[in-house]
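Everything below concerns the one structure shown next.
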Amino acid sequence: MKYFRLIFAIFFLLSFAFESFPQDDEIISVDSSLVILNAVVTDKNGKPVAGLKRDDFKIIEDGKEQALAFFEIQSTPFAAVILLDTSGSMEERVSLARSAAIRFLSGLRSDDQTSILNFDSKISLVQDFSNSRDLYPTVFDLKADGMTVLNDAVFEAAKRLSVRAEKRRAIIVLSDGADTLSKKSADKALKAALEANAVVYTVDMSEVNSQISVRTQNQGVLKNFAEKSGGRFVSTPGGVAMREAFKDIVTELGNQYTLGYQPTAAPDGKWHTISLRLSRPDLQVRTRKGYVATKTRKKN
């Protein structure tokens, strides 16, 4: 009987301990739901603004103010994936896309990491993450051919970025915006990018003389990726305009404000809008427009 009472007492204490302290699964689920915002602040001339403080920012989600969990202003390294469209519709502009990629790589700092994928009917790894400012020779052998899996490529880039240690992540899309073969929808691709905390910059590589209705539709896809994620849409580049656009993108990625908060909304699988407000009305801020609160899976 004495032995039985001892066992019961130990069982009771262990039960109390498990009820009183959060389990590992609970802690992990809290961390995984943290929403990260990489914000670019500019003045009236479009130039980046530095020196703002934590109190200068206010995060609003679905109309309710959220408490900041952390705030960083350091010029920290970033990880980026460049997506080169090499489908048949890009036949006359693959070389221009290569030039754009070279321009981007030339602005990298020593700690920045970039990977390059090309996509047509399939997605291929051209260059794994590195801080190299030079394109691998295989890039110059790429030819335009096949269909287009733009959405799948964005999804794959987000997947690769999601395991990176860098908080600042970006996807650079060099494409005419057409998609003819993807298994993923544009919404699923965007959701993946947002979950990976990746900003999407899209560069319109379509022909200037292409059919207006088709070009407008494809540009709408590229603009949606950029605007919803807090990135930027760059119209058909060339010459000085292209050099300046990529110089600005590299500068933005290296000098953003990084903020994070624990949302009060339930993980309901729905879209939640985000508004980032500044204490100074003379400044402009660009960041992601929201996120999908992924439903929490119950443990068996």
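Restricting to the chain, what percent of DSSP beta bridges are antiparallel, rounded to 5? Approximately 55 percent, going by the DSSP bridge assignments.
Suppose R0 equals 41 Å; then what is the FRET efficiency for VAL208 and THR273 from their Cβ-Cβ distance, rounded to the nearest 0.05? It comes to 0.75.
Taking only C-alpha pairs under 8 Å that are 6+ residues apart, what is the relative contact order of the chain in percent?
The value is 26 percent.
Scaled against the 2.2 N^0.38 Å expected of a compact globular protein of N residues, the Cα radius of gyration of the chain reads 1.18. Counting only alpha carbon atoms, the long axis of helix 2-20 and the longest principal axis of the chain meet at about 40°. Simple rule: put +1 on each Lys or Arg Cβ and -1 on each Asp or Glu Cβ in segment 78-254, find the dipole, and look at PHE155, ASN209, ALA245; the Cα lying farthest toward the positive end is PHE155.
Between SER121 and LYS159, the contour length at 0.36 nm per residue exceeds the alpha carbon distance by 11.8 nm.
Treating only the Cβ atoms of Lys and Arg (+1) and Asp and Glu (-1) as charged, compute the dipole magnitude of segment 78-254 about its Cα centre; round to the nearest 20 debye.
460 debye
Dividing the summed helix terms, -39500 (n - 2.57) for each DSSP H run of n ≥ 4, by the number of residues in the chain produces a 222 nm estimate of -10500 deg cm²/dmol to the nearest 500. Note on segment 132-156 and segment 182-201: Cα centroid distance 18 Å, given to the nearest whole angstrom.
Of THR251, THR202, THR264, the residue with the greatest mean-square motion in the GNM of the chain, using alpha carbon springs below 10 Å, is THR264.
Assuming charge only on the beta carbon of Lys and Arg (+1) and of Asp and Glu (-1), the dipole of the chain about its Cα centre is about 660 debye to the nearest 20. A Förster radius of 30 Å, combined with the Cβ-Cβ distance separating LEU283 from ARG243, puts the computed FRET efficiency at roughly 0.70. Checking the a/c ratio against 1.5 first, then a/b against b/c, what shape does the Cα gyration tensor give for segment 78-254? It comes out rounded by the Cα gyration axes. Of the residues LEU96, VAL173, GLY146, the one whose Cα sits farthest towards the positive end of the charge dipole of segment 78-254 is VAL173 (charges of +1 on Lys and Arg Cβ, -1 on Asp and Glu Cβ, taken about the Cα centre).
Since every read-out is calculated from the coordinates, none of them should be taken as a lab result. All values reported here derive from a predicted model rather than from experimental measurement. Every residue, glycine as well, gets a Cβ built from its backbone with ideal geometry; the counts of neighbours run over all protein chains shown.
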